[in-house]
1. Fewest first, what order do HIS153, HIS138, HIS255, HIS247 take by the number of other Cβ atoms within 10 Å?
2. Limiting things to C-alpha atoms, what are the Rg and the maximum Cα-Cα separation (Dmax) for region 164-259, in angstroms?
3. So if I place +1 on the C-beta of Lys and Arg and -1 on the C-beta of Asp and Glu, and nothing else carries charge, what would the dipole magnitude of the chain be about its Cα centre? I want it in debye, nearest 20.
4. When Rg is the radius of gyration of the Cα atoms in region 1-138 and Rh is its Kirkwood radius, what does Rg/Rh come to?
5. Hey, can you rank 119-129, 184-194, 63-73 by average C-beta count inside 10 Å, highest first?
6. So what's the gap between the Cα centers of region 102-133 and region 32-60, to the nearest angstrom?
7. Order these by the 10 Å Cβ neighbour count, fewest first: THR260, THR226.
8. Using the count of nearby Cβ atoms within 10 Å as a rough guide to exposure, how do ASP47, ASP36, ASP54 rank from fewest to most?
Amino acid sequence: MNCGGRLVDLSAPAVMGVLNITPDSFSDGGAFMDQDAAVAQAQAMADAGAAIIDIGGESTRPGSQGVDVDTELARVLPVIEALAPRLAVPLSVDTSKPEVMRQAARAGAGLINDVTGFSGSGSLEAAAATDLPLCIMHMQGTPATMQDDPRYHDVVTDIHEFLAERVAACEAIGISRDRLIIDPGFGFGKTQAHNARLLRELARFQSFQLPILVGLSRKGLIGYATGRDKDQRLAGSVAAATLAVHHGASIVRAHDVAATVDALALTRYVMTDSRGGA
């Protein structure tokens with residue numbers, strides 16, 4: 001996939017490193033508000049094997065209220081501008097705001113990741129004009145309300161239908177399929193039973209014949225299953241990443257890049273590379 005001139009090889013599972021430039025994100029809020037710390041973390045994740053660095057300036061944790069466009073720009077643009085010339089891997093911007101999409105693309109971002117699936121006013125048009133790849137995610141409700149009482153007729157079917165509609169909307173505006181990634185949105189308006197079923201049946205989303213991105217790192221499903229606090233979920237996050245790849249994920253979003261890269265290398269070896277020597 002061509003991400004603004006930097007290529008990502010999706011013939012093997014890729015890891016997307018998470019870099020939150022926020023004071024209140026669920027897992028690492030406040031850790032990388034300092035630009036030097038953010039740049040160092042991005043470099044460390046790239047060195048550990050991340051194929052993409054995903055930069056966000058607005059928390060989308062359950063209950064969050066969001067920030068205005070100027071605040072988000074002030075957080076992400078200096079980091080993108082600092083990293084774009086020094087990292088070989090592409091940068092993704094995690095945003096739902098059209099102006100942030102436009103300015104991040106000009107600053108050097110190579111992918112746009114929108115938790116609303118580019119359903120907000122003007123966002124699809126802004127994203128289309130960048131000529132960058134887009135990650136279309138499903139979310140029920142908004143971050144402020146999404147975990148109040150999420151309900152579905154059938155969680156997998158409903159999300160599949162939403163993603164099909166958004167893919168069609170992208171194609172209708174002239175965005176080619178080779179620019180599209182889909183994400184079922186684990187933890188965004190889902191109960192833990194919904195999340196578990198989505199993971200079990202992730203292969204159903206392969207019918208799109210598009211790369212599937214999953215974000216399970218340190219999330220509530222892992223805490224629910226293990227009883228671990230968010231800073232003790234490394235083993236569960238790695239297990240979830242491995243399951244996701246086994247069921248068809250192409251890109252895994254992760255805070256703990258090195259451990260995830262190793263786990264996916266083993267998964268790929270067992271599933272593919274070792275067969276010739278059996």
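Derivation of every value follows stated rules applied to the coordinates shown; laboratory data play no part. Given the structure is predicted, the values throughout are model-derived calculations rather than measurements. Every residue, glycine as well, gets a Cβ built from its backbone with ideal geometry; the counts of neighbours run over all protein chains shown.
1. Ascending number of Cβ neighbours within 10 Å: HIS153, HIS247, HIS255, HIS138.
2. Rg then Dmax for region 164-259, in Å: 14.4, 46.
3. On the way: 23 positive and 32 negative charges, 144 e Å.
Here the size comes out at about 700 debye.
4. Details: Rg = 13.7 Å, Rh = 14.7 Å.
Ratio value, two decimals: 0.93.
5. Numbers: 119-129: 17.0, 184-194: 21.8, 63-73: 14.9.
So the peptides 119-129, 184-194, 63-73, ranked by packing, come out 184-194, 119-129, 63-73.
6. About 19 Å separates the Cα centre of region 102-133 from the one of region 32-60.
7. THR226, THR260
8. Values: ASP47 12, ASP36 9, ASP54 26.
Ordered by Cβ neighbours within 10 Å, fewest first: ASP36, ASP47, ASP54.
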